[in-house]
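One structure is given here, and the rest of the page talks about it.
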Amino acid sequence: MHDCAVTENEIVLGFAEVSKFFGGLVALDGVSGEVFGGEILGIIGPNGAGKTTLFNIISGVFSPSKGEIGLGGRPITGLPCHKIAHLGVARTFQNIRLFREMSVLENVLVGRHSQASASLIGSVLRLPGIRAEESQLRQEALAYLDMVGLSERAEAKAGSLTTGQQRLLEIARALAGEPQIILLDEPAAGLNTRETEALGEFILRMQQELELTIVLIEHDMRLLMEVAERVMVIDRGHKIAEGTPAQIQADPQVISAYLGEEFAANGPPVQSTEERL
Amino acid sequence: MSAARQIADKGGARWSSLLRATAWLLLAAVVATPLLLGEGYRLPGGVGKNYLLTIGIFTGIHAIIAVGLGLLMGYAGQVSLGHAAFYGLGAYSSAILTTKLGLPPLLAMLAGIMLTALIALILGAPTLRLHGHYLAMFTLGLGMIVQIVFNQARGLTGGFGGVRNIPHLGIGSWQFDTKPEFYAVVMLTLGVTLLMAHNLVNSRSGRALRALHESELAAAICGVDVARSKLQVFVISAVLASVAGSLYAHFMRFVSPGPFGFVFSVDLLIMVVVGGAGSIWGPVAGAALFNILSETLGKIGEQVPWVADLDIVLFGVVLVAVVVFLPRGLVTLAARRPGRARGPAIQPEAQAEA
C-alpha cells in the first residue's frame, strides 16, 4: 500500500547496475535502485557493505566502474563533485568533514557557494553588488544556522563544537546549497540518545518543511525505522532487500545478514511505524 | 556563553582595536620615514636616506611577490619553486618591450602580465587537476627553462650581459625618475596589492580557497571547483610576480639573468614561510625581515668579510626556528592578544574535542 503511494512520485535519483572495484576488491556489485521525490530512503547493512561507496559514487567522489547514475532524468555518471553539487545533490560525511579552522558561519557560507555568483575578479576589485551579495549571503547562512540551533555559535571555530553540534553544522552546510536531495551518512554516529531523538525530528522537518528528498545511511535502527519510509539493505556489495521498515524487519535474509535475531524480536515495534505512516 | 567570558571578549575587542590603531600608525610611520628623512641625516650605522629608500624599494618589490605566493601557499596549499621565473618574465618583458620596441612602460608591464598569466595558465591547468605537489616540480622546471632562455636567447635578452638603458617608469610625461618618487610608486603598488588580496580572502572565492585548503573533498561537495580555484590563485600570484619584475626593471634600468634564478625562488619561499603564509601581512613582514637581515649582514661584511657569507646560515636557522616554534609564521606574534595569552580556558570545547 505504501509502495503504491510512493511510486506515484517521480524518480529523482536512479542508479542502474552500479559496480565499483578497487583493484581486486569489489565494493559494489551491480546495485540498482531509485529514490522518489520527497521520500526518506534508509540504507542499512553491515560495515564495509558498500553503503558509503554508493554515496561516494552518487556525489561524484568516485566514478563507478560500471553502471549509470541519473539525476532528475539526466545522466550524471562520472561528473565531478562540484558539478553534481550544483545540480542539487548535497551530502554529509560519516567521519565529519567540516572546515575546522573556519567559523561556524563561514562553513555554512561555503555551503552556499553554488547559490552565489560573485566572480573572483569582481571580488578582488570589490565591484558594486559584491558587498550587497555578501551581506545577503550572511543573513541566509544565519537562517540555516538558526534552523539547526547553532546561530549563537556563528563566530566560533567549527572545530570547537561538540560532535553533536558538528553533525548539525554539517547538515546546515549541506542545506545551504539548497539541494533537492540530501545524502546523510550516519548522522547519528557519536550522538547521545537525546541528540539522536532531536536529529530524527529534524530529519522529518527537512522532509516536510524543505520538501527535501533524503537518503539516510544509519546504524541506529530505532532512528532509521522511525523516519525512513523505505529501506534498502546492502550486504557485501549487493542489494539483498528493499521495502517498508516492517517488511525489512521481517525479512529472514536481512535478519541473518545484519539485524540479528535479537533485534528482530526486541527492536522498535512494527506497529509504531505503521501508525505514523 | 558565560558572563565572565563575555567580559573577557569585550576587553579583548577593545584591546585589539587599540592595538590595531597603533599598528596602523606605526606602519604609516615606518613607510613614511625614508621619505621624510633629511638628505644629510644619518641613522645609526651610517644609514642615510638614499640607502633606506633602496632597501624600502626592494622590500616593497619582494613583498608584492611574497603576498601572491602567500595566497598560493597559505590559501590554496600549493608550492611554487619557480616564482623567480615569473618575476624575470615581467622584468624582461618590460626591459625588451621598452628598449627594443619603444613601448610605454605601462603597456610593456601589461604585456608582461599577459605573457606571465598565459604561461601560468598553461602550466597550472593540467597540474592543478592532480592531487599533490606536482605544481612545485613543474614550476621548478619552468624556472630552469626560463633561466636558460634568458641566458641563451642573446638576440632578445642580451644573454649574460642583459638589457641596458631601460627607461624610467612613467605615465605620459610624468616620469618617476627620482628615488623618493619610485619608492612611493612601489609602496602604492604594494598597498593596492594588499587591498586586493584582502578583498579576495574575504570573498566567496577566498572562502572557497580556505575551505579547499582544509578539505578538498568537502569543498568540492559544497560546489567549489577545486582545480579552477587553485588555478586562479596561481595565475594571480604569477601576475603579481610579473608586476614586481617590471618595477624592478624600471628601478634598476638594467636586467640580467642572475636575480631570477632558483636561489631567488627559495628566498621568496623563506620570506613567505617566515612571515606566515596563511595571512596577508605575513609575507610582507617576511620580505621586510629578509631584506633588513641581508642588508645588515652586508654592512657588517664590509668590515668583517666572513660575516657576509653567513646570510645563508642565518636564514636557515631563522627558517627552522620559525617552522618549529611559530609554524604559522611571525604574524602569529602580532595576532596574540593579551586576553588570549592568559590560558586555555577560552576554548574548553576545543580542548575536549582534541
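The values are calculated or read from the model by the stated rules, or taken from the named source; none is laboratory data. Remember, it's a predicted structure, so these values are computed and weren't measured experimentally. As a convention, Cβ positions derive from the backbone with ideal geometry for all residues, glycine included, and neighbour counts pool all protein chains shown. Surface accessibility is based on the protein's heavy atoms, side chains included, excluding ligands, DNA and RNA. Shrake-Rupley method; radii C 1.70, N 1.55, O 1.52, S 1.80 Å.
Exposed loop sites, defined as GluC sites (Glu not before Pro) outside DSSP H, G, I, E and B with at most 14 other Cβ atoms within 10 Å, are absent from the longest region of chain A, namely A:11-100.
Of all the options B:Ser203, B:Ser17, B:Ser279, the one that moves most in a Gaussian network model of chain B with Cα springs shorter than 10 angstrom is B:Ser17.
The charge dipole of the protein assembly as shown, taken about its Cα centre with unit charges on the Cβ of Lys, Arg, Asp and Glu (plus for the first two, minus for the last two), comes to roughly 3160 debye. Between B:Val273, B:Val67, B:Val318, the residue with the greatest mean-square fluctuation in the GNM of chain B (Cα pairs under 10 Å linked by springs) is B:Val318. Accessible area per residue for the protein assembly as shown is 46 Å², calculated with a 1.4 Å probe on protein heavy atoms, without ligands, DNA or RNA. Accessible surface of chain A, 1.4 Å probe: 49 percent of it comes from carbon and sulfur atoms.
For segment A:98-178, a crude dipole built from +1 on the beta carbon of Lys and Arg and -1 on the beta carbon of Asp and Glu, taken about the Cα centre, is about 140 debye to the nearest 20.
Taken over segment B:3-353, lysine pairs spaced eight or more positions apart, or on distinct chains, with alpha carbons under 29 Å apart number 4. When chain A is treated as a GNM with alpha-carbon contacts under 10 Å, the residue of A:Ala141, A:Ala85, A:Ala116 showing the greatest mean-square fluctuation is A:Ala116.
Between B:Trp174, A:Leu212, B:Gly143, the Cα set farthest toward the positive side of the dipole of the protein assembly as shown (charges on each charged residue's Cβ, about the Cα centre) is that of B:Trp174. Rounded to the nearest 100, the interface formed by chains B and A buries 3100 square angstrom of accessible surface, both chains summed, with a 1.4 Å probe. Dividing the mean sequence gap of close Cα pairs (under 8 Å, 6+ apart) by how many residues chain B holds gives a relative contact order of 28 percent. The portion of the accessible surface of segment B:3-353 made up by carbon and sulfur, rounded to a whole percent, is 70 (1.4 Å probe; DNA, RNA and ligands excluded).
Cross-link partners for A:Lys66 among the aspartates and glutamates, with Cα-Cα distance under 16 Å and sequence neighbours closer than 8 places in the same chain left out: A:Glu17, A:Asp29.
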